[in-house]
Every structure is written in C-alpha cells, then in structure tokens.
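Note sheet for the following structure.
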Amino acid sequence: MSLPHEEHPNLTATPAKTATLYGAPLSLYSGKLRAYLDWKGVDYTEVLSTPDVYRDVIIPNVGRPVIPVFQTQDGAVLQDTTLIIDHLEAELGGPSVYPSSPRQRWAALLLECFGDEWLVIPAMHYRWNYNEEWVYGEFGKTALPDGTPQEQYEIGKERGSTFRGFVPMLGINDATIPAIEASYETLLADLNAHFAVHPFLLGTRPSIGDLGLIGPLYAHLYRDPASGEIMERLAPNVAAWVRRMVDVKAPQSGEFLDGDAIPETLLPVLARMMSEHVPYLERVAAMLGEWLAANPDTDIPRAVGMADFTVEGVTGQRIAVPFSLWMLQRGLDYLGTLSGDDRKSCEDMLRSCGGEALLDFQMPARLKFESHVLTIAS
C-alpha cells in the first residue's frame, strides 16, 4: 500500500537493456502496473523488491521505500502507477487504455480513482482480517526469498506489522466491518452481472478504469486465499475478469464499445462510487481547504486529519488523504475540457448514477504532483 503514490521522474539509474518493474506479487499497485505492462506489450523484466533492492535501487532513486518502481530502458526511474502509465502511453503510442470518446473516458477516469483510492478499504480489510497468517508468509518471501518457511514467516510478521497498522486508519473496525463486507459483496454482485455480458468495463479492451479496479481486486481480493475463495464463490465472472487482466493472451487487442456507450450494468458500480466515495472526497476537500488556510506556504502532509465516511448506512472515520483529490482532479480536468453535446452527455451520465455533486465539486486549490511531491500549483 502506498500513501500517497510517488514518482521521481528526474533521477536516473544505469540504463537497462529492457525496462524493469521493481515490485512484489502481494503489492496492490504492482498488480495494477503489471496488468498494464502486459496488455501494452511492454518489454520488461520484473525484479522482486527485496531489502537489497530497496537499499540499492529504490531508496537512492525515489527517496523512500515504496513499490512499484519502474525503470525505463534509458534509465529513468518512475514511481506512481498513474504517472507511469501516462508516461508509457505518450511514449509508446498504439492502442490506448484511455477511451477517446467523452462519456467512456470520463467513466474510466472515475473508476480508476474509485479503485485506486476507495477499494483499498475492502482490500485491506479482507487481507488482514481473513488472510493475516498467510500474508505474513508472503511478506517473508519478499524480504527473505531464500529463507525457510519459518524464517520467512518470522521476518514477514515483523515487516507486515506496519501494513497491519494501517487498518484502523482506513476506518476498518468492529463497527464498520459488517457494512464494508455488505458493500463489497454488493459490488461483487454488480460487477458479476456486468462481466457476464462484457469482457471488460467498456468493451473488449481494458481501460484505465479496469486498471484502477485490478489492483485491489487482484493483488488482495483474488490472490489472497480466503478472499479469493469468496470472490470465486460469489462472483465467478469477476474472478474470470481478473484472470483476463493478469494473464494477457493478446496484447493491445480489443475495442471499446461503439457510440460512446456506457453499459447499463456499469451504472450501479458508478452509483456506489457516488454514494460512498464522493461524499468522503468532499469532506477531504473541505478539510484540506481549512488546513491550507491555517498552514500557508507549508508542504501538504499525507493526511489532514480524520474524515467521516458512510458505507451501507454506517458512519466511520478514516484518514483524509489529499492525494485522492489529485486523482479526482484528473477526471474533473477532463470534464472541464468538454462542451456542448459532449459535456451534456457526461452530465446526464452523472445524474443517472447520482453523481450531481461532481458537477460543482469544490477543490480547495489546484493540486500538482511531480517529483514525488504533492503541492499547490502556482
């Protein structure tokens, strides 16, 4: 888990013959980036993020121990899945994970934000409340690849305890867990109905929205055994979509639906984002505005307090993360470029799923994210 995501685009390492992904099988955002690289047909090598890799590659180039990290063939070292994907889309060209039509592109950007920034809640809940003992072994396989299972478990428990500590900060506790599970199971049912008809969110080609969802739905909720069994049992079509995303048979293949169509089966998923995620983002925006007023000319922190959120009628509190607003700003920026019928079609789509709040969403300031730092744009 990365809070927030980071990139350090100006630092370089030794040029590689092929690109390199530094990541780990259990890493949510590694799963997102790997799925993109495989669909895009990028020539890359994956290197496990062992302690030596953190010491020798990641920390010297990025400044802190986060994954995934991507080194291009010319030696540039990037970190943050969204920015890596955008860098490669611009560099490589070819079929894109970004739809060119307005409603589909808008929906895909929203769903990337939803997956990256909101579905971390069920992902972390099921990992640590259903798979805890197993995942310690997975942390150990990364930290000590050549160790015995017992050695891996012991060091994995030591390393994994940091991530276990994030769980309460995400609003996961005895009071909210039943609602989190009810919401997740309903989301699975909605996605299961959608993937019974469509291979991906918007047709036969994965979009940036699919990539936003695949991180939590694969690396935690499919791959972890107990939650994987739940997905296979309750939503076999979702499990089949996960396999299509992570075992790419035909890179750069497929098409988005004709006519800028948004399937009716996708509207309940968007409606869940509007009812759960967007009200939280509104609170974070208000809190960041207050924080900026009280702390002018100060670096934006990773969190600006604890914000209320409501799931299935149950209210809790989770850390208020300004980076989530930057992710939303990407979509709002795109909406702002539209006019006429294109703008109206996107507004109508929002209204159809209860998303009117996004039509006049009040950002406290324009955010800029570069060189691994979130700042106020000048």
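Where a number appears in this text, it was derived from the coordinates with a stated rule and is not lab data. Everything numeric here is computed off the predicted structure, so don't read it as measured data. Cβ coordinates were reconstructed from backbone atoms using ideal geometry, including for glycine residues, and neighbour counts include every protein chain displayed.
Label-to-label distance for residue 189 and residue 275 is 1.1 nm, based on points extended 7 Å past Cα in the beta-carbon direction. When shorter helices are ignored and each DSSP H run of at least 4 residues is given -39500 (n - 2.57), the per-residue value for the chain at 222 nm works out to -15000 deg cm²/dmol. Taking the number of Cβ atoms within 10 Å of each Cβ as an exposure proxy, the fewest-first ranking of 275, 207 is 275, 207. Its Cα gyration tensor gives segment 266-376 an equivalent ellipsoid; the semi-axes, largest first and in whole Å, are 25, 19, 11. Listed from fewest to most Cβ neighbours within 10 Å, the set 198, 125, 220 follows the order 198, 125, 220.
Let me know the volume per residue of the alpha-carbon convex hull for segment 19-92, in Å³. Could you put the intermediate results ahead of the total?
Working: hull volume 5.9 nm³, N = 74.
For segment 19-92, the hull spanned by Cα atoms encloses 80 Å³ per residue.
Of all DSSP bridge pairs formed entirely within the chain, close to 80 percent run antiparallel.
A viscosity of 1.567 mPa s and a temperature of 4 °C, combined with the Kirkwood radius over C-alpha pairs in the Stokes-Einstein formula, give segment 104-170 a diffusion coefficient of 98 µm²/s. If the segment from residue 293 to residue 337 were pulled out straight at 0.36 nm per residue, it would be longer than the present Cα-Cα gap by 13.0 nm.
Rounded, prolate or oblate, given the Cα gyration tensor of segment 159-200, with a/c below 1.5 counting as rounded? It is oblate, given that a/c is not under 1.5 and a/b is not larger than b/c.
Sequence gap of 8 or more, or different chains, plus Cα separation below 26 Å: how many lysine pairs satisfy both in the chain? Step by step, the pairs that qualify in the chain add up to 10. Its Cα gyration tensor gives the chain an equivalent ellipsoid, and the semi-axes of that ellipsoid, as √(5λ) in whole Å with the largest first, are 29, 24, 24. When the Cα atoms of segment 102-264 are aligned to their principal axes, the ranges along those axes come out at 55, 39, 27 Å in descending order. Counted residue by residue at 0.36 nm each, then reduced by the alpha carbon distance between them, the extension gain from residue 196 to residue 352 reaches 54.0 nm. With neighbours defined as other Cβ atoms within 10 Å of a residue's Cβ, the residues 334, 222, 44 order from fewest to most as 334, 44, 222. Amide H contacts under 5 Å for residue 47: 21, 22, 23, restricted to partners 5 or more places along the chain or on a different chain, H placed in the peptide plane at 1.01 Å from N.
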